[in-house]
Amino acid sequence: MIVLRSIAFNVAYILGSFVLSVALLWALVLPRRACVVIVSAVYGGYISFVERWIMGLRLELRGLEHLPDDGRYIIAAKHQSAYETLKLPFMRRLKYPVIILKKELSYLPVWGLYPWRMGLVPIDRSKGTKALRDMSRGCKKAVEDGRPVAIFPQGTRVAPGVVAPYKAGLGKIYKDLGVPIVPMALNSGVFWGRNAFLKKPGTVVFEFLPPIPADLPPLEAMAQIESALEEASDKLVQDAAESCLRD
């Protein structure tokens, strides 16, 4: 059943992404806010539909009370799979976070037009300090527009249980923006593995933890974020794995 579900989901995801990318081209000429709302409702809604009804994968949000009301904050999220990158930019309840993504994605035919128009921040990781400057400028613009910025501080997808360093980029953005950081723990890697074709049904949890104040020294803030994210994500992964075994 998992094999059939995974095949059906991947077909629906690839074909649906292409069809909707073409069908929504008209939204690119609208003001940015309108474009974000429409694309999120249609494309984000489609992705949520096929995840739930084909793959049997649901999302639970915890700790929403920790999110600042004005949208001016950074989400520092664990990154275990492609799942969170398909969810965060389209989430109305989070004020449509701006994510940092690989510049290569903006070169994809048709689909690559949408990250640019929606205000997402593509960066070329090979550019070193220039990439950091570009990232900082894009994040400042997002915060000025009242949208949170979602950053994966480890810089890449990391499977549950694997130890990987936290990059300095988050510390620079934190210092430049002067806004709180809300750590976001998750367990997506239990169900949707890194580069895995097969995906398991279950409940992915995004857990927002108490915010890190805006005025801490960057190194101290980074240490707090790493400690909080690793502990909370390990707990979510353990609970999810135990639930899978019981099922």
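The values are calculated or read from the model by the stated rules, or taken from the named source; none is laboratory data. Since this is a predicted model, take the numbers as computed values, not measurements. Ideal geometry is used to build each Cβ from the backbone, glycine not excepted, and the neighbour counts take in all protein chains shown.
Structural remarks
- 3 or more residues closer than 24 Å to Pro115 by Cα and at pLDDT 95 or above: qualifying strands (runs of 3 or more DSSP E) within the stretch 141-228: 181-186
- Number of the exception - Ala240 against (1) within 18 Å of Ser48 (Cα to Cα); (2) buried (at least 17 other Cβ atoms within 10 Å of the Cβ); (3) at pLDDT below 95: (1)
- When we screen Gly119, Gly138 for residues that are more than 29 Å from Lys235 (Cα to Cα) and either hydrophobic (A, V, I, L, M, F, W, C) or assigned to a loop (DSSP other than H, G, I, E, B) (or both), the only hit is Gly119.
- Among the residues listed as Lys95, Lys102, the single one being within 28 Å of Leu57 (Cα to Cα), without any contact (Cβ under 8 Å) to a residue 24 or more places away in the chain and basic (Lys, Arg): Lys102
- Members of the stretch 18-61 found to be buried (at least 17 other Cβ atoms within 10 Å of the Cβ), within 21 Å of the chain's Cα centre (by Cα) and closer than 23 Å to Gly189 by Cβ, listed by number: Gly44, Ile47, Ser48, Val50, Glu51, Met55, Gly56, Leu57, Leu59
- A residue that is within 21 Å of Ala27 (Cα to Cα) and in a strand (DSSP E or B) occurs nowhere in the stretch 67-75.
- Which numbered condition Pro109 fails, given (1) within 22 Å of Ile225 (Cβ to Cβ); (2) without any contact (Cβ under 8 Å) to a residue 40 or more places away in the chain; (3) assigned to a loop (DSSP other than H, G, I, E, B); (4) not aliphatic (A, V, I, L, M): (1)
- Remark: Gly202 matches the filter, which requires a residue to be at positive phi and either surrounded by 15 or more Cβ atoms within 10 Å (Cβ to Cβ) or touching a strand residue (DSSP E or B) at 6+ places or on another chain (Cβ under 6 Å) (or both).
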